[in-house]
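To start, the structure itself, in structure tokens.
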Amino acid sequence: MSNKANRQLAVNLIAQIASFLVSFGISFFVTPYVTNKLGSDAYGFITLADNFVNYASLITIALNSMASRFITIKIYENKMDEANVYFNSVLIGNTILTIIAGILSVVCVINLEKWINIPDGLVTDVKLTFLIVFLNFMVGIMTSVFSIAFFSTNRLDISSRRSIEANLIRAGIVLGGYVFFSPRIIYVAIASITASIFILVADIHYSRKLLPEIKINFHIFEIRKVIELIEAGIWNVVIKLSQILTNGLDLLISNLFISSSAMGILAIAQTVPNVMSNLIGSIANVFSPEMTIYYAQKDKEMLVKSISRGMRMMTVFTIIPDALLIAFGTQFFRLWMPGQNAQQLCVLAVMCVINTVVSGPIQPLYQVFTITNKVRQNAVAMIIYGIISFLLTLAVLEVTDLGIYAIVG
């Protein structure tokens, strides 16, 4: 591996860690601040809105999940015309998906109180929050194709810097809202969409700078390219669905089967596991661009070395945070959330992350399925696991009094 490649990997890794630390720092201070202002029930609806977006993302994954792979490979095969066709086909496809998402969002918000349990005093704010979160999701759909530039040029450090800036904007708006105005949950959603608009503008700028050969040209849209991407990415939809069935429905199940209060407690407990999951995903993504480039260049030896190094590094970034949470979780939650049951939060958090001891170190292997466009086998195994996990959760809730412990167990 060349010194240049090593340096870029190190820069990407440091930038991702810095981005994670900023995100964690903001969550560390903002989450208890918002919870103290609004209560755990209201905070739970903020997280639940994000989960609804997670469900809605199923309609975008088939088209977008493989776009970076196809575009990057065409670029390194010096087939810029084909790369442009893929880029513009995805851009137009995302525009159509944004319109569809907008229609579905309106229907969801109008009927929201019929589908989930919302305290009477929070109905208006919760519906406004969901509406803004859905708008944020639509901005994200349009952003995704432009962010491919960071992946294709292996400049994830720029993407991380942009994420840091966006997180600081988000934190500033949240704190400003609660300091200067009466407490409302919509401030978090407003902050998120503002940060997302900043990311969209920044990604368009960097896309033009990093990939000047890629031009927006709606006339070179090809439906067969869209179909090709969907056929390749449909199995990623299955994988995403399996993840939702495994742990993405936890807050919704808590709301429907237990109470909004239980949902709020679980939302707080999941904050640290979610941050740790983001860390694992961010570090794993550092290796994906170079692995894709080596695959495009048909350099099998370097690809294997990259995978091996990635797994060693992922072991470190998985085991150490897990061990710290298990050892010091109760003390952490006692200091972080003094008004909550620290022991309960710690147990729930550990139950949420314990599976990463196995799944974290092998994250680079999952990238291979996408890079080689052979996702089906992994998808089938994961959806079977997801269905079994979901059915077991419902069964345990029905026959025991474990409550939210059954949901995360």
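Key figures for this structure:
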{"quantity": "Which numbered condition V106 fails, given (1) in contact (Cβ under 8 Å) with a residue 40 or more places away in the chain; (2) part of a helix (DSSP H, G or I); (3) β-branched (V, I, T)", "calculated": "(1)"}
{"quantity": "Spans of helices (runs of 4 or more DSSP H) in the range 26-79 with at least 1 residues of a type in the set (F, W, Y), surrounded by 18 or more Cβ atoms within 10 Å (Cβ to Cβ) and at negative phi", "calculated": "40-56, 67-76"}
{"quantity": "Filter result for the condition that a residue is assigned to a helix (DSSP H, G or I), more than 30 Å from I116 (Cβ to Cβ) and without any contact (Cβ under 8 Å) to a residue 24 or more places away in the chain, over I320, I293, I230", "calculated": "I320"}
{"quantity": "Condition met for V286 (in contact (Cβ under 8 Å) with a residue 12 or more places away in the chain and within 13 Å of the chain's Cα centre (by Cα))", "calculated": "no"}
{"quantity": "Residue tally, condition assigned to a helix (DSSP H, G or I) and among the acidic types (D, E), over the range 296-317", "calculated": "1"}
{"quantity": "Residue that is surrounded by the most Cβ atoms within 10 Å (Cβ to Cβ) [pool: residues in the range 285-324 that are closer than 15 Å to Q363 by Cβ and among the charged types (D, E, K, R)]", "calculated": "E290"}
{"quantity": "Any hit, the range 337-349, residues being in contact with a Pro (Cβ under 9 Å, 6 or more places away or on another chain) and at pLDDT 90 or above", "calculated": "yes"}
{"quantity": "Qualifying residue in the range 94-101 (condition: among the small types (G, A, S) and farther than 28 Å from S254 by Cβ)", "calculated": "no"}
{"quantity": "Verdict on N236 being under 21 Å from P289 (Cβ atoms), crowded, with 16+ Cβ neighbours inside 10 Å and in contact (Cβ under 8 Å) with a residue 60 or more places away in the chain", "calculated": "yes"}
{"quantity": "Residue among P364, P338 that is part of a loop (DSSP other than H, G, I, E, B) and out of contact with any strand residue (DSSP E or B) (no Cβ under 6 Å at 6 or more places or on another chain)", "calculated": "P338"}
{"quantity": "Residue, farthest from T35 (Cα to Cα), within the range 185-199, restricted to residues that are crowded, with 19+ Cβ neighbours inside 10 Å and not β-branched (V, I, T)", "calculated": "S196"}
{"quantity": "The range 360-409, subset of a type in the set (S, T, N, Q) and touching a residue at least 24 places away in the same chain (Cβ under 8 Å), residue farthest from V237 (Cα to Cα)", "calculated": "T393"}
{"quantity": "Set K209, K225, K215: member being in a helix (DSSP H, G or I), surrounded by fewer than 19 Cβ atoms within 10 Å (Cβ to Cβ) and not small (G, A, S)", "calculated": "K209"}
{"quantity": "Per-region count, the range 188-208, residues in contact with a helix residue (DSSP H, G or I) (Cβ under 8 Å, 6 or more places away or on another chain) and either touching a residue at least 40 places away in the same chain (Cβ under 8 Å) or of a type in the set (V, I, T) (or both)", "calculated": "14"}
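The values are calculated or read from the model by the stated rules, or taken from the named source; none is laboratory data. Please read these numbers as outputs of a predicted model, since none were measured by experiment. Backbone-built Cβ (ideal geometry, glycine too); neighbour counts: all protein chains shown.
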